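A.B. asks: Sharing a structure, written as C-alpha cells. Questions coming.
The values are calculated or read from the model by the stated rules, or taken from the named source; none is laboratory data. Just so you know, these numbers come straight off a predicted model, no measurement behind them. Every residue, glycine among them, receives a Cβ derived from its backbone with ideal geometry; neighbour counts consider all protein chains shown.
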Amino acid sequence: MTKEEKATYDKKYYAENKEKKAEYSRQYQKENPEKINAISARYRKRHPERAKITQDKSRKKRREKTILRYLELKYEGTPCLDCDRVFPFCAMDFDHRPGESKEFGIATKNNLIVTPDHIASIEKEISKCDFVDATCHRIRTRGYRDNV
Ligand SMILES: [Zn+2]
C-alpha cells in the first residue's frame, strides 16, 4: 500500500466509522471527567486568548437557546400596555395582574433552556401578566400599594 492509498483508506475508514468514533469519544469523556478537565485547564492556561473566544462562542450559543432569547424574539416591539410606547425588550417587564396567583416571576426563568415544557409553563404564567415597561411597572406597583 502506497502512502496515497493509505491516506485514502484512512479517510474512508474515518468517514464510515464517524458515529462509532464519536460514541467512543463520548464514552471516554464520561468515564474520565478528571482527565478531560485537566486537559481543558491546561489548554485554557496555555492559550487564554483562544479559550476566551471559545468560551464567548459557547456562551453566545447557549444564550440563543434560553427562555430570555425566546421571549425577546416573541415580544420585542410589543408596546407597553399602559403608555403604548415601544421600548427595547430589556426595558420591559411581565407584571402579574392583581388577583392572579403568581407562581413565579417570569425573569427568574430567563436562563432556562427552551423546551416544550418550559415554554408551556412560561406561557401559562405570562397569560396572567401585563406587558409593561419598567417605569410604568413601578408606577403601577406604587399605585396598587396605595390602594391597599
Ligand atoms: Zn409604559
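A.B. asks: At pLDDT below 95, under 30 Å from residue 45 (Cβ atoms) and more than 15 Å from the ligand (Cβ to nearest atom), is that true of residue 145?
C.D. replies: In short, no.
A.B. asks: A further question on this structure: Test residue 56 against the stated conditions and say whether it is within 24 Å of the chain's Cα centre (by Cα) and either within 18 Å of residue 126 (Cα to Cα) or assigned to a helix (DSSP H, G or I) (or both).
C.D. replies: yes
A.B. asks: Regarding residue 85, is this residue of a type outside the set (S, T, N, Q), within 16 Å of the ligand (Cβ to nearest atom) and exposed (fewer than 13 other Cβ atoms within 10 Å of the Cβ)?
C.D. replies: Taking the combined requirement at face value, the residue satisfies it.
A.B. asks: Being acidic (Asp, Glu), under 22 Å from residue 121 (Cβ atoms) and assigned to a helix (DSSP H, G or I) is true for just one of 34, 72, 23, 49. Which residue is that?
C.D. replies: 72
A.B. asks: Also: Need the failing condition index for residue 92 against (1) closer than 15 Å to residue 140 by Cα; (2) away from the ligand (no atom under 13 Å from the Cβ), just the number.
C.D. replies: The single condition residue 92 does not satisfy is (2).
A.B. asks: Let me ask something else. Based on this model, can you work out whether residue 59 counts as outside the structural domain of residue 138 (by TED's automatic domain parsing) and surrounded by 11 or more Cβ atoms within 10 Å (Cβ to Cβ)?
C.D. replies: Numbers: outside the structural domain of residue 138 (by TED's automatic domain parsing): yes; surrounded by 11 or more Cβ atoms within 10 Å (Cβ to Cβ): no.
Against the criterion (outside the structural domain of residue 138 (by TED's automatic domain parsing) and surrounded by 11 or more Cβ atoms within 10 Å (Cβ to Cβ)), residue 59 does not qualify.
A.B. asks: Next up: When you look at residue 7, is it touching an Asp or Glu at 6+ places or on another chain (Cβ under 7 Å), small (Gly, Ala, Ser) and at pLDDT 90 or above, yes or no? So that I can check it myself, show each step before the final result.
C.D. replies: Details: touching an Asp or Glu at 6+ places or on another chain (Cβ under 7 Å): no; small (Gly, Ala, Ser): yes; at pLDDT 90 or above: yes.
Answer is no for this residue.
A.B. asks: Between a residue in the range 95-108 that is among the acidic types (Asp, Glu) and any residue that is in a loop (DSSP other than H, G, I, E, B), which pairs come within a Cβ distance under 7 Å, given they are 6 or more apart or on different chains?
C.D. replies: Hits for this filter: 100/128.
A.B. asks: Can you name the residue in the range 51-74 that is among the charged types (D, E, K, R) and more than 30 Å from residue 132 (Cα to Cα) and, of all such residues, is farthest from the ligand (Cβ to nearest atom)?
C.D. replies: Once the filter is applied, the top-ranked residue is 52.
A.B. asks: Okay, moving on. Kindly establish whether residue 48 is within 16 Å of the ligand (Cβ to nearest atom) and farther than 22 Å from residue 143 by Cβ.
C.D. replies: Taking the combined requirement at face value, the residue does not satisfy it.
A.B. asks: If residue 31 passes every condition in (1) over 30 Å from residue 119 (Cα atoms); (2) within 24 Å of the chain's Cα centre (by Cα); (3) of a type outside the set (Phe, Trp, Tyr) but one, which one does it miss?
C.D. replies: (2) is the only condition that residue 31 fails.
A.B. asks: Right, next: Assess whether residue 139 counts as being in a helix (DSSP H, G or I), crowded, with 17+ Cβ neighbours inside 10 Å and of a type in the set (A, V, I, L, M).
C.D. replies: no
A.B. asks: For residue 77, all conditions in the list (1) at negative phi; (2) within 16 Å of the ligand (Cβ to nearest atom) hold save one; what is the number of the exception?
C.D. replies: (1)
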